[in-house]
Each structure stands twice: as C-alpha cells, then as structure tokens.
1. Would you check which residues across segment 27-44 are among the small types (Gly, Ala, Ser) and not in a loop (DSSP other than H, G, I, E, B) and list them?
2. Got at least one residue in segment 19-30 being within 13 Å of the chain's Cα centre (by Cα) and either of a type in the set (Phe, Trp, Tyr) or at pLDDT below 85 (or both)?
3. Working only within segment 12-26, note down all residues that are closer than 20 Å to residue 43 by Cα and either in contact (Cβ under 8 Å) with a residue 40 or more places away in the chain or not in a loop (DSSP other than H, G, I, E, B) (or both).
4. For segment 34-48, does any single residue satisfy the condition of being exposed (fewer than 12 other Cβ atoms within 10 Å of the Cβ), modelled with pLDDT of 85 or more and of a type in the set (Ser, Thr, Tyr)?
Amino acid sequence: MRSRELQEADGSEIVIAMFRGLRCAERLTSCPDQMAQVLEQYLTGAAQPQ
C-alpha cells in the first residue's frame, strides 16, 4: 500500500528528476540515482515489499 503522504507530495517528482541518472565516477549509477529509481517504483506500485 502506498503512503498517502508520498502520493500527495509534489516533491517526489522533483526528487526523482534531480537524482535520476546521477553517476558516481565511473559507475553507471549512484546512491541518489538508486534512491530515485526505488521512489519511482514505489510511486508507480512496481515495488514489492520484502
């Protein structure tokens, strides 16, 4: 179940846009990029609880 606060927060899309695609040196991803990917999956319902 998605958090109502995250669904209603306009800031989620801003965070995703800011962090998406950031690289760390030679790596293809970074911690902020991975956080953006997980947040995007959560907001779209694609994330599975573990």
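1. Residues of segment 27-44 that are among the small types (Gly, Ala, Ser), as a first pass: 30, 36.
Hit for segment 27-44 is 36, nothing else.
2. Yes, that holds for at least one residue.
3. The answer is 12, 13, 14, 15, 16, 17, 18, 19.
4. There is at least one residue in segment 34-48 that is exposed (fewer than 12 other Cβ atoms within 10 Å of the Cβ), modelled with pLDDT of 85 or more and of a type in the set (Ser, Thr, Tyr).
The values are calculated or read from the model by the stated rules, or taken from the named source; none is laboratory data. Please read all numbers here as calculations on a predicted model, not as lab measurements. Neighbour counts run over all protein chains shown; Cβ positions are idealised from the backbone, glycine included.
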